[in-house]
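Reviewing the structure listed below.
The values are calculated or read from the model by the stated rules, or taken from the named source; none is laboratory data. The structure displayed is predicted, hence computed values, not measured ones. Virtual Cβ from ideal backbone geometry, glycine too; neighbours counted across all protein chains shown. When the accessible area is computed, the model is the full protein with side chains, heavy atoms only, and any ligands, DNA or RNA have been set aside. Shrake-Rupley method; radii C 1.70, N 1.55, O 1.52, S 1.80 Å.
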Amino acid sequence: MAVPSAGLNVLYDQIAEGQLTVNEVLTQSLDNKNREIRFLTDQIEELELQLSPALKRYGRAHTRAFCEAFQETLAAGNKEATKAYLSSVISEISVSKREVKIVGKKLQLAAAISEWTQSMQLPAVPIVVTKWRARHDSNVRPPGS
C-alpha cells in the first residue's frame, strides 16, 4: 500500500522537522488514515486468499502426463477438447501483422496441472474469472423488467 503510506510518511517527516504542529484534528486525521490502510490491507489479503486456488502437490511425472495428454488432445483434432485445454491455461491471445502473442499465468497453468487426473478427458473449467468486462449490450433485459 505505497500511496497512502507515502502520504503519511510525508506528514510524519514534516511533524518531526517542526514544519507542522500536531493538533487534535491532525491526530484524528492520521488515526483515520491508519485505520483505512489497515482495513484496505485486510480486504486485499482476504481477496487474494479467495482468488488463489488450493493447489495439490504434484511432481514431474504428473506434469509430464498432463503435457502428454495435452499434446494428444491437440493432435486428435477434437475442437471442443482443444478449446477446453487451451482456455484452461491461456488467458489472452493477441494477433498483429508481425506476431501472435499468447499469454497465460503461471498460477493458471499450475492450477490446471494440479486439478488434472489421468482419468479426466478435459481439464476442469476455471472456477475463478479474474476479470469480467461488462458491455453495455450484455445481459440485455426487456424494458420494464
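Which ones in region 75-100 are assigned to a helix (DSSP H, G or I) and over 24 Å from the mean Cα position of the chain (by Cα)?
Within region 75-100, the first condition is being assigned to a helix (DSSP H, G or I), and the residues that meet it are 75-76, 79-89.
Correct list: 75, 76, 79, 80, 81.
Out of 16, 81, 76, 6, report the one residue that is modelled with pLDDT of 85 or more and either surrounded by fewer than 11 Cβ atoms within 10 Å (Cβ to Cβ) or at negative phi (or both). Show your work before the answer.
Details: 16 fails: modelled with pLDDT of 85 or more; 81 fails: modelled with pLDDT of 85 or more; 6 fails: modelled with pLDDT of 85 or more.
Criteria check complete, one pass: 76.
So which pairs qualify, if the first residue must be in region 56-71 and in a helix (DSSP H, G or I), the second must be open to solvent by 60 Å² or more (accessible area, probe 1.4 Å) and modelled with pLDDT under 90, the Cβ gap must be under 8 Å, and the two must be at least 6 apart or on different chains?
Qualifying pairs under 8 Å: 65/118; 69/118.
Checking residue 65 against (1) open to solvent by less than 50 Å² (accessible area, probe 1.4 Å); (2) at pLDDT below 80, which single condition isn't satisfied?
Every condition holds for residue 65 apart from (2).
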